[in-house]
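These notes concern the structure reproduced below.
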């Protein structure tokens, strides 16, 4: 009788353990160590499989410390920015430019406003002064000149959304949505929608061929593993900077989006997708993708001051998509990634662009949580039965086989550009074996006493 009660207690503890993990997978309970285990498995697999080599399609124009010393503090005058854009396209022949910065304030550094005040007040009687000013004004209107180069070249401006709980300020002019609100019906990726934005001056936004948000997304541990490619706001969906820059690089054709229906074991799932420049990529149900990081230093960094002076190598810019961003610590655009604790935010956009071009964008399929839950319950029940019936030795062998199968399933999904979290089923197997082994040890010790 004692043996039966002991086995029932062992089975009850095992069932409770499995149900706790199942509740976490189902979203009914949050277990922080489980989340950290998922992140550790993902990071380890990513680092092990990340491709190396230098990408010859994307380059980063760096607002670095050397450029700040030579050109002055940021933001630089629009006259400098105009010259920089002209140098990129006219001398270096780049394919497109994306700005990981916002041009939210007018530039008055030329003194044009002061000269106009003199012309119409203190020197109102001087026709010569007014005539000279009329000739000089187009050259001194730095914002108008910058807007003109934006209109004539394939560029994408950057802006940021303000998430819920962080205010509702709306500065600058937001671009028109790239996709209608019904693009992903009946799904609504990118929700909850932001409550505000920080965008560019109206003249710049109206002139530019594209614009995209550059908000970074971090997991609970502060690491940037996933990024949203679409965000819903107002009357539609907006593209991320990486997708917007690719769109203008491929001629500016409208983006497309939709939802695929998948049948898995008789159950229907909805999987969103986005198409930019004729390249279609899967999205997770929340509109995000996993950043396809590469190992090493895949993208050349070129100092903005060197490019402006024509000193940068032509081969590192010609026919490339260029992203303007900063590595200067004072501008605070450094992020935590699986590869580094101080990773330039602009390079994350570069990895996304390269991944889209390569077709290596990974998303979490809509059936992933159901698959994890089924694995936790089925493997938990099976391993519990094996441990109760055959003991720890056979149970250890069964556990090793289960872990190997789970790792193989994780790798198979990865090779098909899907991320299906498997740490929960793995911890179910490991935890059950440890729990039952410990229980058996204490039960045996108690019976001897």
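Filter region 314-356 down to residues that are assigned to a loop (DSSP other than H, G, I, E, B), touching a strand residue (DSSP E or B) at 6+ places or on another chain (Cβ under 8 Å) and over 22 Å from residue 212 (Cβ atoms) and give me whichever is modelled with the highest pLDDT. Applying the filter and picking the extreme gives 338.
Scanning region 161-173 for residues that are closer than 30 Å to residue 90 by Cβ and in contact (Cβ under 8 Å) with a residue 40 or more places away in the chain yields a single hit, 172. All conditions but one from (1) outside the structural domain of residue 372 (by TED's automatic domain parsing); (2) over 27 Å from the mean Cα position of the chain (by Cα); (3) free of Cβ contacts under 8 Å to residues at least 60 places away in the same chain apply to residue 23; the one that does not is (1).
Which residues, counting only those in region 389-414, are within 30 Å of residue 227 (Cβ to Cβ), loosely packed, with under 15 Cβ neighbours inside 10 Å and touching a helix residue (DSSP H, G or I) at 6+ places or on another chain (Cβ under 9 Å)? Hits for region 389-414 are 407, 411. Say whether the condition of being touching a strand residue (DSSP E or B) at 6+ places or on another chain (Cβ under 9 Å), modelled with pLDDT of 95 or more and in a helix (DSSP H, G or I) is met by at least one residue in region 357-369. Checked against the condition, which is being touching a strand residue (DSSP E or B) at 6+ places or on another chain (Cβ under 9 Å), modelled with pLDDT of 95 or more and in a helix (DSSP H, G or I), region 357-369 yields at least one hit.
Residue-wise test of (1) exposed (fewer than 14 other Cβ atoms within 10 Å of the Cβ); (2) more than 16 Å from the chain's Cα centre (by Cα); (3) at pLDDT 95 or above; (4) not assigned by TED's automatic domain parsing to the domain that holds residue 324.
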residue	(1), (2), (3), (4)
160	no, no, yes, no
164	yes, yes, no, no
167	yes, yes, no, no
192	yes, yes, no, no
221	yes, no, no, no
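Criterion applied to 420, 429 was being outside the structural domain of residue 270 (by TED's automatic domain parsing), modelled with pLDDT of 95 or more, out of contact with any strand residue (DSSP E or B) (no Cβ under 6 Å at 6 or more places or on another chain) and part of a loop (DSSP other than H, G, I, E, B), and the one residue passing it is 420. For region 140-158, the candidate set comprises residues that are under 31 Å from the mean Cα position of the chain (by Cα), surrounded by 18 or more Cβ atoms within 10 Å (Cβ to Cβ) and part of a helix (DSSP H, G or I); within that set, the residue that is modelled with the lowest pLDDT is 143. When the strands (runs of 3 or more DSSP E) confined to region 218-258 are screened for residues that are out of contact with any helix residue (DSSP H, G or I) (no Cβ under 7 Å at 6 or more places or on another chain), under 22 Å from residue 188 (Cβ atoms) and in contact (Cβ under 8 Å) with a residue 24 or more places away in the chain, those reaching at least 3 such residues are found at 230-233, 236-239. Going through region 39-56 one residue at a time, which ones are farther than 21 Å from residue 350 by Cβ and surrounded by 17 or more Cβ atoms within 10 Å (Cβ to Cβ)? Residues satisfying the conditions are 39, 41, 45.
Rundown of residues vs (1) over 20 Å from the mean Cα position of the chain (by Cα); (2) within 20 Å of residue 208 (Cα to Cα); (3) buried (at least 18 other Cβ atoms within 10 Å of the Cβ); (4) assigned by TED's automatic domain parsing to the domain that holds residue 188, yes/no style:
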{"residue": "218", "(1), (2), (3), (4)": "no, no, no, yes"}
{"residue": "228", "(1), (2), (3), (4)": "no, no, yes, yes"}
{"residue": "232", "(1), (2), (3), (4)": "no, no, yes, yes"}
{"residue": "235", "(1), (2), (3), (4)": "yes, no, no, yes"}
{"residue": "238", "(1), (2), (3), (4)": "no, yes, yes, yes"}
{"residue": "242", "(1), (2), (3), (4)": "no, yes, yes, yes"}
{"residue": "249", "(1), (2), (3), (4)": "no, yes, yes, yes"}
{"residue": "263", "(1), (2), (3), (4)": "yes, no, no, yes"}
{"residue": "268", "(1), (2), (3), (4)": "yes, no, no, yes"}
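The values are calculated or read from the model by the stated rules, or taken from the named source; none is laboratory data. Just so we're clear, the structure is a prediction, and the values are computed from it rather than from any experiment. Cβ coordinates were reconstructed from backbone atoms using ideal geometry, including for glycine residues, and neighbour counts include every protein chain displayed.
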